[in-house]
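The values are calculated or read from the model by the stated rules, or taken from the named source; none is laboratory data. The structure displayed is predicted, hence computed values, not measured ones. FYI the Cβ positions are ideal-geometry reconstructions off the backbone, even for glycines, and counts take in every protein chain you see.
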Amino acid sequence: MKRFLLLVLSLAITVFGMALVGCQPSTPPHEHDFKEIAESTALKTEATCTHKAVYFKSCECGELSSDTFEYGETTPHDYKETVKDSALVKGADCVNRALYKKSCDCGALSSDTFEYGEIGTHAFPEGVCTGCNQALFNVSNTNSITGFSDWGKTLKLSKLLLPTRINGADVTSISKEAFLNCSSLTEVIIPESYTYVGAQAFRACTKLTKISLPNSLTFLGAGAFEFCNNLQHNVYNKAEYLGNDENPYLVLTYNNNNTDFHPNAKLIASNAFANFYGLTSIDIPDTIIFIGNGAFNSNSSLKSVTIPSSVTYIDAAAFMATGIESIVIPDSVSAILDNTFALCNNLKNIVIPRSVTEIGDFAFDLSDRLSKIFYMGSASDWTNINIGEFNDSLLFATRYYYSENEPTTDGNYWHYDENGEIEIWE
Ligand SMILES: [Zn+2]
Ligand SMILES: [Zn+2]
Ligand SMILES: [Zn+2]
């Protein structure tokens, strides 16, 4: 019986054991359920100032996906005092150091600023210092620069770039004597758009070595660079010129040995042909627009001059005391200024165009042989000319008025014949 029980028991254990084995769970394969759970084990990259933190998606089982997601906020920028152009708020001026925004390495700029570097210098892009607001120049009511202001003088500037605008107005001219005796100046740039440099504007600027004149220049007054003994000229065929980098031969300043102009010359400066002994004849080329004060003064051997119609301005005394025998003023000229033909003892006749409305004092003073005036206009046109004093030689000469066809009325008339020669209608 005991043995039977043992058998039953072992059988039961076996069956029970078999039952246990047979009940083992046959689990289906686990499907990961990847979710956006921001926990440190799933962190891919930490947050920076430009990017949020990046995490891998994760399953509850701990498995990480290759899919990622961003979470949280970017970190604050780390603004530092880094000196770089992109952070510059305002350059240094004569009052303040340069001002920069603080910046993060990522490039972000703070609204916080810091100063750096040294106090700067005065700067005058429009003739008034952008830092201390003081005016560098005095300016006339026609916006012509008349010279340094009292404060400007104290600066003793050596290099000077003239402004094209002052107080919001265009500036195109330099008045006479504006920079007379400015012995600190070594280099001056007169920018493009300037048309007028007055008489003696830079006279006796003894340290001036370099000047840049604009191509726009139409007037250069008497002695503008007189006694600028260190001024460097550009030489062409032994003659001297001033100009700019683009055209170094803009202004003929001195020629005492030939009549060969550089083809880019536009102006003849005052006294340019002084001391040219033996000059007998000159054809001024049609590139020339301006003949300076006394340009041919006292060239007593000079008998013949042709002036092209490109010339619009003949400054005073240009042909004074020359040996000119006859001259044709082109109809591009509106004034025969003071002393222009004074003391021209050989001048017998002159053609004056209708465009001339002004004849200055002494223009023909003591030009005693002047006998014929060939006027391009009528008698009534002549009365419109404003004639200055001491011009008896002009007034006592016989005046002929222009008539293309043979006149039917009495009076003195002339015309150009088929060869372009002056012919008096008899
Ligand atoms: Zn899982
Ligand atoms: Zn940053
Ligand atoms: Zn200043």
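Before moving on, here are some points about what is shown:
- G168 passes every criterion in (1) more than 16 Å from ligand 3 (Cβ to nearest atom); (2) surrounded by 13 or more Cβ atoms within 10 Å (Cβ to Cβ); (3) at pLDDT below 95 apart from (2).
- Taking first residues from the range 101-123 that are of a type in the set (G, A, S) and partners that are part of a strand (DSSP E or B) and away from ligand 2 (no atom under 16 Å from the Cβ), the Cβ contacts under 9 Å between residues at least 6 apart in sequence or on separate chains come to G117/A98; G120/A98.
- Within the range 280-330, the set of residues being outside any strand (DSSP E or B) and over 38 Å from the mean Cα position of the chain (by Cα) comprises T280, S300, S301, L302, K303, A321, T322, G323, I324, E325.
- Residues in the range 369-381 that are surrounded by fewer than 16 Cβ atoms within 10 Å (Cβ to Cβ) and of a type outside the set (A, V, I, L, M): 5 in all.
- Pair list, Cβ under 8 Å, 6 or more apart: the range 50-74 residue at pLDDT below 95 and among the aromatic types (F, W, Y), other residue assigned to a strand (DSSP E or B) and away from ligand 2 (no atom under 16 Å from the Cβ): none
- When residues in the range 75-93 are screened for being outside any strand (DSSP E or B) and either within 16 Å of ligand 2 (Cβ to nearest atom) or modelled with pLDDT under 95 (or both), 13 of them pass.
- Of all positions in the range 108-121, none carries a residue that is surrounded by 18 or more Cβ atoms within 10 Å (Cβ to Cβ), more than 30 Å from S175 (Cβ to Cβ), among the aromatic types (F, W, Y) and within 16 Å of ligand 2 (Cβ to nearest atom).
- Of the set (1) buried (at least 17 other Cβ atoms within 10 Å of the Cβ); (2) over 21 Å from the mean Cα position of the chain (by Cα); (3) over 17 Å from D286 (Cα atoms), all apply to G198 but (2).
- Which listed residue, of A87, A92, is more than 30 Å from A38 (Cα to Cα), small (G, A, S) and either more than 16 Å from ligand 3 (Cβ to nearest atom) or in contact with a His (Cβ under 6 Å, 6 or more places away or on another chain) (or both): A87
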